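The values are calculated or read from the model by the stated rules, or taken from the named source; none is laboratory data. Given the structure is predicted, the values throughout are model-derived calculations rather than measurements. Cβ atoms come from the backbone with ideal geometry, glycine included; neighbour counts cover every protein chain shown.
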Amino acid sequence: MRTYAKPAAAGEYRQFGVLQEIESASPHRLIQLLMEGALTRIARARGHMERGQIAEKGQLISAAIEIIAGLKTSLNHEANAKLSSNFDALYDYMTRRLLESNLRNDPDGLDEVSGLMREIKSAWDAIGDQLD
C-alpha cells in the first residue's frame, strides 16, 4: 500500500530541480530554459487541442505567450539594435500566431511557432558552445 502520491511527489521533485537549475544558471542558460519551456507548453497545448480540451489548451498557449514576452523583454537593444529589433518583430509574430492558433484551433500555427522557436534555440545553443 502506498503512503504517498507518486505523481505529486515526482512533480514536486521536478519543480525543485527546475528551481535549483534556475538559481544557478547563467544568463545564457536562463534563455535556453525559457525557450525549452515555451516549446514544452506549445507541444502540450497541441495535445490538448487534438483532444478537444479547450481550457487546458488555452492555459498552455497563454503560458507560452508569457514566456515569449519574457524573451522579448530580455533583448539587449543596446548591443545590436538591428538584430534585437528583428527578434522583437519575430516574437510579436510568434505571439500573434499562437493567439490565432488558439482561436481557430489551428495546429499548423502551433507547429510553425515551434519550428521558429527550435531554430532560434538551435542558434542560441550554438552560441553557448562558443562561450565555453
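So, R104, is that one out of contact with any Pro (no Cβ under 6 Å at 6 or more places or on another chain), of a type in the set (K, R), surrounded by 12 or more Cβ atoms within 10 Å (Cβ to Cβ) and closer than 17 Å to I65 by Cα or not?
no
Which of the helices (runs of 4 or more DSSP H) found entirely inside the stretch 1-76 contain at least 3 residues meeting this: on the phi > 0 side of the Ramachandran plot and either touching an Asp or Glu at 6+ places or on another chain (Cβ under 8 Å) or modelled with pLDDT of 70 or more (or both)?
none
Against the condition within 22 Å of E50 (Cα to Cα) and of a type in the set (S, T, Y), how does T73 come out, does it pass?
no
Would you check if there is a residue in the stretch 119-128 being closer than 22 Å to R44 by Cα, among the hydrophobic types (A, V, I, L, M, F, W, C), surrounded by 14 or more Cβ atoms within 10 Å (Cβ to Cβ) and out of contact with any Ser or Thr (no Cβ under 6 Å at 6 or more places or on another chain)? Quick ask: steps written out before the conclusion?
First, the residues of the stretch 119-128 that are closer than 22 Å to R44 by Cα: 119-122.
If we keep only those that are among the hydrophobic types (A, V, I, L, M, F, W, C) too, we end up with 120.
Add one more test, that the residue is surrounded by 14 or more Cβ atoms within 10 Å (Cβ to Cβ), and what stays is 120.
Next cut, out of contact with any Ser or Thr (no Cβ under 6 Å at 6 or more places or on another chain) only: 120.
Yes, that holds for at least one residue.
Of the residues in the stretch 88-108, how many are closer than 17 Å to R51 by Cα, in contact with a Lys or Arg (Cβ under 7 Å, 6 or more places away or on another chain) and without any contact (Cβ under 8 Å) to a residue 24 or more places away in the chain?
Going through the stretch 88-108 one residue at a time, the tally reaches 0.
Could you list, in sequence order, the residues of the stretch 87-102 that are hydrophobic (A, V, I, L, M, F, W, C) and closer than 19 Å to E56 by Cβ?
Once the filter is applied, which keeps residues that are hydrophobic (A, V, I, L, M, F, W, C) and closer than 19 Å to E56 by Cβ, the stretch 87-102 yields L98, L99.
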